[in-house]
Amino acid sequence: MRTVRPTRRRTPADRPRRPVPSRLPPRDVLRLGAVGLRARRARVVLSALGIAIGIATMVAVVGLSHSSKADLMARLDRLGTNLLTAETGKDRDGNVVKLPKSAVAMVERIGPVQHASATGYVDVRIRRSDAVPEERTAAVSAQAARTDLLSALGAEVARGVWLDRAGERLPVTVLGAIAAERLGVAAPGEKIMMGDRYVVVVGVLRPVELVPQLDRVALVGFPAAERYFGFDGHPSMIFERSPDHTVEEVRAVLARSISPGSEGYIKVSRPSDALAAKAATDKGLTTLMLGLGAVALLVGGVGVANTMVISVLERRQEIGLRRALGATRSAIRTQFLMESLLLSALGGASGALLGTAATYGFALAQDWRPVVPPWSLAAGFSATLLIGVLAGLYPAVRASRLHPTVALNAA
C-alpha cells in the first residue's frame, strides 16, 4: 500500500525572492556626475559660460545699483537734505517777478531758519580778455553773491579765498569750478574781462553738488555788482537751511514770507530731491539690465539642456551597460540630473565670482563703496540650480527610458 505524504503548505519564506536593486549613496552619485563632466571638458566649459554670463550680469547690476545708491546716500548725508531754494518766476504777462531786496532778512525771521543767503543775476558779458570778441562769452554768466553764501550752501573754496567784507566792494570775483576751466584760469591772481572792466580772480570754488548752476558763474559781491556793473540789488535766488524736521514747515511759508501777495510766482524747491530722483530713474535701467541678465541665463539653460541631450545620445552604450548590470531607471535619472546640476552650479559659482569682481572693480574706479547684497548671490545661485533641474529633466528621463538591449546595440 502506497504511503501518501502530507503536503506542506508554502509559506512566504519559500517563495523566490526578487532581487532588490542597489541604490547609490549621494556621495557616489556626486562622484559619478563629476566623472561624466570631466570626460567632456571643452563642452562643459562652453555650456557653463552661458550660465556664468547670466549670473555675472545679474549680480553686477544689483551690486552696482546698491553701490551707486550707497554713494548717493552718503553724499546726501554729507551735503544735507535741508537746503531750500526760492527763485523768481514770471507773472501772467510773462514779466519776471523781482524778489524784494529785503528777501534774505525776511527769510531769517522765520523761526527755524539757521542760514539764509542769496545770489542775483548780473547782466554783463564775461570774456578771458579784451582780445576776445564780446559775443564769445565762454558760456559763463555773472552773479552777485552775499558773503554768507558758502556757509548756507556748505560749499568750499578750492583755491584762493572767498569774498569778505572788503572784497565784496571791490572789482574781484570768485569763479565756479567749470567757469574757471572754460575761461582758462589756472590760479587766483589772474584777470578776466567782465563787461568793459578787468576784475581779479581771488578764488575758485569746488563743485557745488546741490546747486550745480553755480559751477558755471563768476561771483562778485552785491555792493561791487551795484557799483561797477549796474546791478539793481534785487536777488534772483534765495538759499535757506533749517533743521531737517522743520523743512516742510518752512517750505510751506517760504514764498509767502519772501514776497507777500506774489508768492504764486515764486518757485520753491529742494535740491536734494533732484539727487533722490536720479536714484529713482536708475531703477529703470537696473530693471532693464536684470532682464538682459535673465535672458542670458535662459540662453545658458538652453545650452545646458543641449549639452545633456547630446551626452545621452553619445553615452547610450554606457547607459545600456549600467541597466544590464542592475541600475534602475531612477538611478539613471539621478545620474544625469546630478550632471546637469553640477554643470549649472559650476556656471553659477563662476558667474557670482565674475559679477562680484566686476562690481568691486567698477565701484572702486568710481570712488564708491562696493556693495554686493548677499541675497543677490543666493538668488543667483538658486536660479542656476533651478535652471539645472529644468534643463536636465528631459535628458535624464530620456536616458532612463532607454532599453538595455537597444542601448547596447547602438553604434
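The values are calculated or read from the model by the stated rules, or taken from the named source; none is laboratory data. Computed from a predicted model, the values in this text were never measured in an experiment. Quick reminder, even Gly has a Cβ in these numbers, built from the backbone with ideal geometry, and neighbours come from all protein chains shown. Keep in mind that these areas ignore ligands, DNA and RNA; they rest on the heavy atoms of the full protein, side chains included. Shrake-Rupley method; radii C 1.70, N 1.55, O 1.52, S 1.80 Å.
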> Roughly how many whole Å is it from the C-alpha centroid of the range 293-342 to that of the range 159-184?
Replying inline: 73
> Share of the range 192-273's accessible area from carbon and sulfur, percent, 1.4 Å?
Replying inline: 48
> Extension gain ALA324-VAL132, at 0.36 nm per residue separation less the Cα-Cα distance, in nm?
Replying inline: 59.7 nm
> Packing-wise, with mean Cβ within 10 Å as the measure, how do 144-156, 43-55 rank, highest first?
Replying inline: 43-55, 144-156
> What accessible surface, in Å², does a 1.4 Å probe find on PHE231, ignoring ligands, DNA and RNA and rounding to the nearest 10?
Replying inline: 20
> Got a number for carbon plus sulfur as a percent of the range 40-147's accessible area, 1.4 Å probe?
Replying inline: 50
>> Could you tell me the relative contact order of the range 146-255? Use alpha-carbon pairs under 8 Å, at least six residues apart, and round to a whole percent.
In response: 31
> Is the shape of the range 57-156 rounded, prolate or oblate, going by the alpha carbon gyration tensor and its root eigenvalues a ≥ b ≥ c, with a/c under 1.5 for rounded and a/b larger than b/c for prolate?
Replying inline: oblate
>> Ranking request for peptides 172-180, 249-257, 346-354, 90-98: highest mean number of other beta-carbon atoms within 10 Å first, then the rest in descending order.
In response: 172-180, 346-354, 249-257, 90-98
> How large, in percent, is the carbon and sulfur part of the accessible surface of the range 311-356 at a probe radius of 1.4 Å?
Replying inline: 63
